[in-house]
Structures are given as C-alpha cells and as structure tokens.
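To keep things clear, I will list the structure first and then write my remarks on it.
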C-alpha cells in the first residue's frame, strides 16, 4: 500500500520515515515538504544509504492519485490548508497537527489563535485515540491524530473517568515533555544552552491541548469540568510523563484500582499497566509505541496519582499515526510497530 | 569566626566549602568526614590549589573547643548521632539533614524509618526557614536546616496559606529535582546512563519531606490537612521546581495575587516574585541563593498555580545554611551569598 | 536456533536481548547472571510484558546441551572463567569481553592486570571484526568480539593501513565514548552529577584497547608501531567517535581517499562512507549497527583526518556480536540487525 | 572606573555582566546591543532584580566620553565595524571577537571569509593572552582578546614550544567545546534535540582559530609549522578541553615535564598544573577563570599528551577579558575573578 508523507523534515515526519521504512505493508511512495528538493539524507544524514528518496514539492493531484493514504506531519495552521486541497481527492488522511481535532471552531480560534477549518470537515474527522476509538477509526476517511499530551493524559484518565470514580472538578494534570515536542523550528527557547540543565514551565493555563482533553472527557461521559493542565519542558529529547491527581469519590485500595486498569487495557498491546509500587520512567518507552501507566492511592487524602509515560514522537505522534493507519487499512494494529524500547 | 564542617565529601558539604571559602566573616577551621584523611582536592579536584585543607577524623572535643559553629552536612540517621555528641559542647549547630526537623518523633520514625532523636532535642532546634523564622533563628543554638523541597514549597505556599486564601485540602505539590539532591552515594538509580534522557517519579505518596511541609503549615495557621506531594527526578544536576496547585476560596485576579506576594517578600533579598506572565526556570537561579516565584490564577477552575524554583544545593541546602549562620551570628543575611546565577 | 546469554544484567546483555527478542532466526532460550533469580523486567522494567523470562543461575551443562550458541556479556576477568567451563561443551561462544582478544598472554597481563587464559584457548579464538574476518568467523567455534573503540578505530584505519599509505609511527587516535561503555557497575565516576556537564580524559596512555588495535594492525601488514590512543568520557549515554590523525606518505586528494574507502566498503552493509565535506555525528548511528566514516586530507600538513562513529552498544558490542553469530550460523549478516538510527 | 559593554545579549556579554556586576573596581556604566531597548532582564530573567539597566542603542560618542573602557562582545565581522567608530575616541577597547587578532589581513580574509580591518589597526592591537603578554597588555589601548580554543591550546603548548622540546610538525590539537561557544544565534545545529546525546566534529581543517594559534607560535619562536587543529561539539553548555599530542625531540620523564610546567606557571594564579596521574576534567573549572593542565609522556611513542581545560565563557572569553582589563588598568589581575568552580 502506497503512502505519502507531507512535512517530512520535522521530527514527526522523520519518525514516520523510521517506522514506515520497515513497515511490512506500507510503502513510502513520496515525501513532501516546502523545503528545497534535496535527498532526504541532506536534511537527515542518519538516513544516508537507507532512504534514497528526494523531498518533493507538494503536488496534491499526484498524491491523491498515487497514494492510498497521506500523513500530514505539518504544523497547526498549515495542515488545515493542505487538508482543504486534499479533501476531494480519494485519499485517506491522517493529520498529526491540531487542526482537525477540535469540533468547536470557537475553541480552535481561542486556543490556537488561528482560523479554524470548516466545521463540516472537523465533524467528519475521527479522533484517533487508537485504544478507545478503533471502531470509528476503521470507518474513517480523515483522522485527527491526537496530541502528545492528550494521548498520555486520556489513556491515564479513561478508566476512572468512564467509570465515574472521580470528582471531575478535581483533575490536575502536570505534564512534562522532552524538547522534540517543540519541533525543529528555530527559536531561542529550543537552543541547547537554554534547555540543558534547565527546566521550564510554559503556556501556564493556556496550552492548546487543554480543550482537546476536555472534549474527549465530555464525549466519554456527557459532562466535563474545566481541568487544570500544566506543561513543562524537560532537558531531554524524547518522552512525556503526565502526572495526574484526581480525587476519588469513595475509598479505593491501590490494588483494586490497578486491577481495574489491567482489566480495561488487557487486550491493548501498547498499554502496559505496571504492578503496585512500580512506576514507569520515560526512558522505559523510548523509541517504542507503548504507553505505560502506574497508579497509587494516597489514603491520607483520598487522591489517586496516575502516572503515564509515552515517547512523544511515537505513541504521541508518528507511532499512533501508523497504529491508526493500520486500523484504517484492516491490518493488525501492531504491524510495523513492535519496537522494543531503547534502553539505556 | 571559625566554623567546622562535618560531612565535607557530599555535595552539600562541598557547596558549603564553595560559599565559606570566600565568606567575608567565616573562616573554615576544619573539615571532617568518616572517609580517609586526604587533602580535600583528592575528593574534589576542582579545589586543587584553592583549599589546601585535609579532611580530618571527627573529634568532637576539638570541634567544640575550636569552632563557634558547626555545619552537619551528613545524611539523616548520621546527623542524629553526631548531634548527640555535640549537644553539650558550647557550639552552635546547623544540621542539613532531616534529623532535627520533625517535632513529633512518631512522624520521624514513620517517614524516615529510623530511630528519632530525643524529643527535648528536636524541641529546642529551630526550623531554619530563613525568611519566616529569622527571629527564632537569631536566638537559636541548634538549627534544623529545611529540606530542599520544603524550602521551595513553603516559600511558595506561605502567602496564601497564612492569609487563609485557599482550601487546605486542595494542595497538590508536584516537585521536580536535579540529581545532586540524591547525593554522591553509589546506587544504580543515580548512574548517568539511568538518569540521562530519563525522567522518573519516586517515593510516590511516601516522601519524607511531606510531614516537614505539613508541620510548618500547621505551625503557621494552627490547622493543616494532609497534602499531596510528589517528587520526580530531572535529568540535570542542580535545581528544583515545585509546581503547586491550590483552590482559591474566592475569586482572585492574578495581578492581585502577585501584588500580595510582592508585598510579603518585599524586604527579602533572596525571594524574587516575577511579574505576570513571567515564570522562573530552574537555570535562572543556578549557583545562587534565590527562590524565584511565578503565579497564575486560572479563572476557569478557580485554581492558583504557584511555581517556585531554587538551586537545591544553595537555597535548598548549603546556601540557606549559611544564610541561617549569618542570622545567628548577627551578620547581614546576604553576607557571602551574593552569587549571580550562572547562566547559561 | 536456541541461544543463551550469560551476563544479562549489564548494558551489553540487555542490548543483546533487544536485538535477539525480534531476531527472525535466533530464539532466546535462557538468560543467566550471578544476580538473584528474578524476572528480567525487575532489572529492566522497559521489558515488562515483552520478555517474560527469569534470570537463571549459570548451569554450564544445561547451556551446553540446550543452546547452540552462547553470548558472554560478562566483564573481563569473568568471561575467562566461564569460557574455561564451556570450552569442552559442544557450543559456540561469542565473548564480548577482552578475555579472548589478545594472543600474547603477557599483553593481557600487562594491560588488563589479570590472569590470562591459556594461550591455546586464545589462539583458537577468532577476532570477530566482522567486515574483515568473515571467512575465519564462519569457521570459528569461539569468537573474541572486538572492543568498542577498536571496532571504530580499525574500520577507520584499515584502508590506509592495509594499502600502506601512511607512516605507521604517526597514528594518533583520539577516542570519545558515551558512558554506557563503562557499564552498569557502581562507581563514583559514573554518577550522573559527575558525568553531566563534564568531559574527562581517562586511562591516558594506559587503555587496554591499545594492544588490541596494535595486534590487528600487525596482523594486517606484518609490522606495527606503537600508536597513541586516548579515551575520553562524553556526557551522553550511547555512542563513540574516534578521530584519527595519520601522516600520509605521499600527497593525496580527499576525493581519492574517499573513493578508496568507498570501493573497499562497497559490499559492507554496515559501513557508510560519507561524501566529501560530510562528517558523521554520533547520534546518526544511535541504536543501529552502522559504522559511519568521514575523511579529509589537510594539504597544509599532509595529514589525513579519519572520523568514525558507532553505537558502542551495537556495532561496538551486542550488534557486532549478533552480526558474528549470523555469519557463524550461515545467515545473512544483517539478519535481525536492520535498525534505522533513532533520530533525534 | 566606568565601563561599557557592546553586545550584551550574547553569552559572552552576559558573562561579562555576571563578572562586572560584582567587580570591586569596575562599574557597568552602560550596556548596548542592536536589539530593542528593553531591560536586560527581559532577555535574561536570571538578572531580574539584580541588574536593572536597560539595553541601549549604540552611541559611540557617549560611550567614548563616559566610559574608560569598552568590551565588545560582538561577533566577528561586527566588531570590526564598531572598532572603526571607536578608534579615535579616547577609550580603551577589549574586543572578544576574532577581528583584531590576525596581523595578516590575508589570513583573516581566508579563514573568516570577511573583510579585514586596516592593518595599522590590527598591528596596534595587543593579543591578550594574559599569562604571556602582560607587559604589552599594560601598555595597550586595544586588546584582541584571544579565542577560546587558542587560549587553552596556547597555555598548554607554550612551555614545550618556547623551550623547543618538540617537533613543530608533529602538533595535533583535538579540541572539544560546549555549545555556548556557538553563541545564542538561531541555527539548526544549536537546537537541543540536535546537540543532546550527540557529538559532532565541525569545520574539519578549516577552523578560523588555526591561524591564530600558529601566529602566536610563530611569535614565540620565530618559526612555526602548520598544525592540525580539530574541533568537536560536546553535548554540554560550558567548557573546553584541548587534548594535544606532540612528539618530543628527546626522551623526557613525565615528572620532569610536569616540573617544567609548574615552574613556568608558578606565579600565574589562573593556571593550575596537575600532579602526575591527575588530569583535569572540564567541570572542574566551570564558572571560574582557571586553565588546568595535565601531562603524560608515553615512553612507547615518545609522544607527550597535554590536556588543558577552561570554561570557554570565562578564561575563553569574558573572564580573560576582565583579566586583561585588570592588567590594563593596573589592578591585580585576579580582581573580581576569584570564582571557585561550581561543582557539581
């Protein structure tokens, strides 16, 4: 099955290349970017001798005719324009940006500060949280691939939210991400000397992933309260941890909560619920598509601490995108994604 | 004024050396450790040619006779034994471990898992949170130097707690620390290859700094609820950020909260309250004794986010210890502590 | 084909697990260590749910009977003892330590400071530099898997040495390695706070890889001079760069030298010779079995600079070990080793 | 004494601020940049509350009239233009760029690829290698502050070169630098995700510090051969190590070489010659003005290995600039520079 990638020169795009290059079913047919037409290894020398394709100009007709599926690894605000051009081609789209995610255009405008897509487009897009929406994903033509933070947050919250075990007003999500999440764009805050031996909080109470999380919570149980969602920049390249604090509505033992999570994620190959007392660290999923979850109830406060980790470029972006592509195309969802974490 | 240091070979001890070596009033009279008697630069070659002292065996009599003040940069469980030997000497003691901090011996036993000191000893020790307890510190013979996390947490919480602006049950403290906080001891979790490109949560709902924070909150307002306090290990050497989430009892504008903090810390040379929209990052206090604080109220949730950062070896340990020594000895509290942060 | 691993808890051992777990032909039959018998994920939680084997005691008879090949990922000085026990079993051995490498027992004694194996054992062992010794490897019963530095050094030097283009007395090798090369053992020099934001030279003119390199040079051309070989510790986990300086015997253009290297390594899937002006960086081979080489002649000095990079745990240890196992077992040498570098 | 800084927003400039802010004799009178006129803490929040100056437009007349000395922490190619404007003012100039360093305009043109200053200007500038040129520095009006690599290289080579102990054709300098040396400019190669867990060689045989080193060697002994000089980028912020390899003309014991270095640098407060077997690491000079040197002769090859480390922003830039300012103004050369290295 031929696939194309638009936005190959960013970190999400190059991670798609790493996965798809050895995928047993998908073939990388063409790669595109607004940059100059050079061999991809000019941009990414680690691909020298491995992937000999040139980066090409974006030709919507050709992409639509020659590929069955296109991944958009383009920034928010750019994807929306590309989607507009591809929408009437007979091609499946998986968009890694935020442009297709929010159903309410006002939310998009408010949190992204950009012009939203037409509501009828976003309405038809399926939110690609693979573990929870696989039935819709199978039928979808367009996938809004989830954000990195929302993926780890929602996989962590789903069991207690859907089972209505917690006070919805109590949700506090403290997220920490490696810098690859900020992309390859040039800005002072991404310079090595500014990030190294440093740790920063950013977009306090303003992060655009907030409404994405709230929208999914609302979808799940028909009501949602505003959550507190904070994001920090880690002095490392790959990985996200979200530490979540929620007030349980009644007393629960840690063991029972863990059993609940284990039951719910039992059939999910990419979610690993850790045993009691064992909490995942970020490196333990590096380069893989896993989301690992650890849990503990503090009997003193009645609060549950949920810790979830992902590789932001994998389960938080390219990995989940390929997982969704697998599901859309009727393949096993793990196809081409059986990476063992790289440790150390 | 002659001072001694016991426990010179740990990171807290060597940071005391850095400060005291150029302190205008204190003179390092002797340095002690249980390690072999070698020149200090054998352990720390960066001191070659700067500090030519030998590490000496611990001789309580000599220390008591020859020095006016002794810093104990020894681990919890060790300090208590040393304090026992020094208690009847005529010498002021500043203990950087947790052994003198908790007034309730049961708390110590429960959270530290070690034998507590006699209650009459801990009762006489003054908790050395310099900005808030300077009057008691002036009179003190023995100082329990605060823990690193409690310092950044309590300086961040004090204004809203003391002014009773928040729901005490709502306090969630999400702490992140560099690895120097774990000391120079050999354990697998402190190896470079385990910490680098990694981020871990540890001691979930079990960290021994929890009762220390709660005790101070209780002291301030006569009541306290159990707090949620989490700690994470950052892939960096120096620095702590505590991100704190508290529910305000009524509506507050961010600006007014910031003004409140500015007023309260106005006369405190080491606390810098940042303007609205400006949040401190950890590197911005590196090598200095500052505690920087940023604030934001989320009107959607009524929750206040408080961000405080310190250098864990400075304001979180050796820096505050010297600040307390200054106060005890009637010096200006900034004496020998006017370090500009090292950036980048 | 069943294989066993002895020394599974070190970084070389766990990298073998990562490779062999998905190898199309080899099956991990048993894993052994002197540590307690626990599930491997207790030691390495990133393997939770992936590899459910227990670490077992070392039982030489069982290993010899049940497996066709055993990897020894044990330290120098330990491997020699294990080899002694396995030598008369009908099992192929690939030893990742230095114990089988040096043919001259005096050299081993001098540079390792340990008791050498019997000369008849080391004489029968084949030095597993896959690209150059594949014929002998095919026939070998015991493989001395090359050291990390020697692998990158020898692949870089081979073309100019074997073609006698350089003054043998002029060879200066300046090596830099990530800390995973120092293993998972506990020592102060491997602590995060000592390695991070630091760069050290170590074992100056005393590194045990020196005679290993010289022995191979001698083998290649029947003469060798002592080389200068320096090693430094990088503040990173994975990867080695060796920068090599050699005096050319006559004038050469950079282009011609590059052509020579390209010709020689043309059929070698894991050696990538870079085009002029393009030098490999260490991250560009991370997690892969590649050795990338860059070259430049300085016409001012007549000196050639050779830059080679490898992932020390892959081509420098476990990767080359599996490459050798492939060759020994008549498989394609790339079998199970087609990892795209993880970037960024 | 009033001083001005032009180019305050780069890393060299902000390091000058850190030093001068607490210098006992110099007063920061004005700070300048081509950036917008904002408080300096807008650019560098770690200075919040410490330095309340605004960045100002560059006004040559005012600088010349009001300050006694100006530091140019501007890039090569920019400094030359500023020097042109200040040359006829009655003000001492210390230029941290490369623009005043090379006496031969052709060298500048060749290695920098920019338009050189008038030869009469560069001829009058004194090369500010403080330890070796203090007499000329005392008399100088304009100082060409040495490059970072040349400082560590020349301090390491001086004793054996000036005493003619080595074969001049044999000099190989393998340099490694932290990323702060690349400045705060935006380019892909300085992004965190590109530098972290990476190690790169750059400007192979093309680095502009090569002729600077060769010019000084020539000055010292009236002859010089082209040297081999390589530079690598370390995944860390501060610090340089140069590992130097030179062929001794006759046999020397390591001890005698060390004694020679100790004698030569005996009166130099910022050069620390380490004892035999002890080699400096980069972190051991972090934040200080030290240059530490370690030495070892390999009897097998007759080659001497010289290891020198500096903090590239201190002894390699701002620290040496202030040291030169001290010397020019008749102060003790250590004035305001007695920083103990920050460790860990």
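The values are calculated or read from the model by the stated rules, or taken from the named source; none is laboratory data. It should be emphasised that the depicted structure is a prediction, and the values quoted were computed from it without experimental measurement. All Cβ positions, glycine included, derive from the backbone under ideal geometry; neighbour counts span all protein chains shown.
Residue pairs whose Cβ atoms lie under 6 Å apart, separated by 6 or more positions or on different chains, with the first residue in the stretch B:321-336 and in contact (Cβ under 8 Å) with a residue 60 or more places away in the chain and the second surrounded by fewer than 21 Cβ atoms within 10 Å (Cβ to Cβ) and in a helix (DSSP H, G or I), are B:327/B:134; B:327/B:138. Of the residues contained in the stretch C:171-183, one or more are found to be more than 14 Å from chain D (Cβ to nearest Cβ) and either under 20 Å from residue C:247 (Cβ atoms) or at pLDDT 95 or above (or both).
Take residue C:6 and tell me if it is farther than 30 Å from residue C:341 by Cβ and touching a strand residue (DSSP E or B) at 6+ places or on another chain (Cβ under 7 Å). Against the criterion (farther than 30 Å from residue C:341 by Cβ and touching a strand residue (DSSP E or B) at 6+ places or on another chain (Cβ under 7 Å)), residue C:6 does not qualify. With respect to (1) free of Cβ contacts under 8 Å to residues at least 24 places away in the same chain; (2) not in a helix (DSSP H, G or I), the lone exception for residue C:136 is condition (2). Being within 12 Å of another protein chain (Cβ to nearest Cβ), touching a helix residue (DSSP H, G or I) at 6+ places or on another chain (Cβ under 8 Å) and modelled with pLDDT of 95 or more is true of residue D:295.
Looking across the stretch A:16-35, the residues that are touching a helix residue (DSSP H, G or I) at 6+ places or on another chain (Cβ under 6 Å) and within 14 Å of chain C (Cβ to nearest Cβ) come down to A:16, A:19, A:28. Looking across the stretch D:207-226, the residues that are at pLDDT 95 or above and either assigned by TED's automatic domain parsing to the domain that holds residue D:110 or in a loop (DSSP other than H, G, I, E, B) (or both) come down to D:207, D:208, D:222, D:225, D:226. Against the criterion of being facing chain D (nearest Cβ under 9 Å) and either at pLDDT 95 or above or not in a loop (DSSP other than H, G, I, E, B) (or both), residue C:242 does not qualify.
Residue-wise test of (1) more than 19 Å from residue C:321 (Cβ to Cβ); (2) modelled with pLDDT under 95.
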site: C:31; (1), (2): no, no
site: C:36; (1), (2): yes, yes
site: C:46; (1), (2): yes, no
site: C:70; (1), (2): no, no
site: C:75; (1), (2): no, no
site: C:82; (1), (2): no, no
site: C:94; (1), (2): no, no
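Do we have residue D:247 as surrounded by fewer than 22 Cβ atoms within 10 Å (Cβ to Cβ) and within 11 Å of chain C (Cβ to nearest Cβ) here? I'd like the intermediate steps shown before the answer.
Values: surrounded by fewer than 22 Cβ atoms within 10 Å (Cβ to Cβ): yes; within 11 Å of chain C (Cβ to nearest Cβ): yes.
So residue D:247 fits the description; yes.
If you check A:288, A:180, which single one turns out to be touching a helix residue (DSSP H, G or I) at 6+ places or on another chain (Cβ under 9 Å) and part of a loop (DSSP other than H, G, I, E, B)? Walk me through it before giving the result.
Numbers: A:180 fails: part of a loop (DSSP other than H, G, I, E, B).
Criteria check complete, one pass: A:288.
Assessment of the stretch C:272-279 against the conditions (closer than 24 Å to residue C:200 by Cα and at pLDDT 95 or above) yields at least one matching residue. Report yes if some residue within the stretch B:298-318 is farther than 23 Å from residue B:175 by Cα, modelled with pLDDT of 95 or more and facing another protein chain (nearest Cβ under 9 Å); otherwise report no. Checked against the condition, which is being farther than 23 Å from residue B:175 by Cα, modelled with pLDDT of 95 or more and facing another protein chain (nearest Cβ under 9 Å), the stretch B:298-318 yields at least one hit. Here the condition is being touching a residue at least 24 places away in the same chain (Cβ under 8 Å) and part of a loop (DSSP other than H, G, I, E, B); of C:295, C:342, C:304, it holds for C:342 alone.
Tell me the strands (runs of 3 or more DSSP E) entirely within the stretch B:14-103 that contain at least 3 residues that are free of Cβ contacts under 8 Å to residues at least 60 places away in the same chain, within 24 Å of the chain's Cα centre (by Cα) and surrounded by 21 or more Cβ atoms within 10 Å (Cβ to Cβ). Step through it out loud before you land on a result.
Numbers: elements: B:27-32, B:69-72, B:92-95.
Of the strands (runs of 3 or more DSSP E) lying wholly inside the stretch B:14-103, those with at least 3 residues that are free of Cβ contacts under 8 Å to residues at least 60 places away in the same chain, within 24 Å of the chain's Cα centre (by Cα) and surrounded by 21 or more Cβ atoms within 10 Å (Cβ to Cβ) span B:27-32.
Among the residues of the stretch B:189-206, are any crowded, with 18+ Cβ neighbours inside 10 Å, in contact (Cβ under 8 Å) with a residue 24 or more places away in the chain, assigned to a helix (DSSP H, G or I) and within 14 Å of chain A (Cβ to nearest Cβ)? There is at least one residue in the stretch B:189-206 that is crowded, with 18+ Cβ neighbours inside 10 Å, in contact (Cβ under 8 Å) with a residue 24 or more places away in the chain, assigned to a helix (DSSP H, G or I) and within 14 Å of chain A (Cβ to nearest Cβ). Pick from the stretch B:251-287 the residues that are more than 24 Å from residue B:314 (Cα to Cα), in contact (Cβ under 8 Å) with a residue 12 or more places away in the chain and away from chain A (no Cβ under 14 Å): which of them is surrounded by the most Cβ atoms within 10 Å (Cβ to Cβ)? Restricting to residues being more than 24 Å from residue B:314 (Cα to Cα), in contact (Cβ under 8 Å) with a residue 12 or more places away in the chain and away from chain A (no Cβ under 14 Å), the top hit is B:260.
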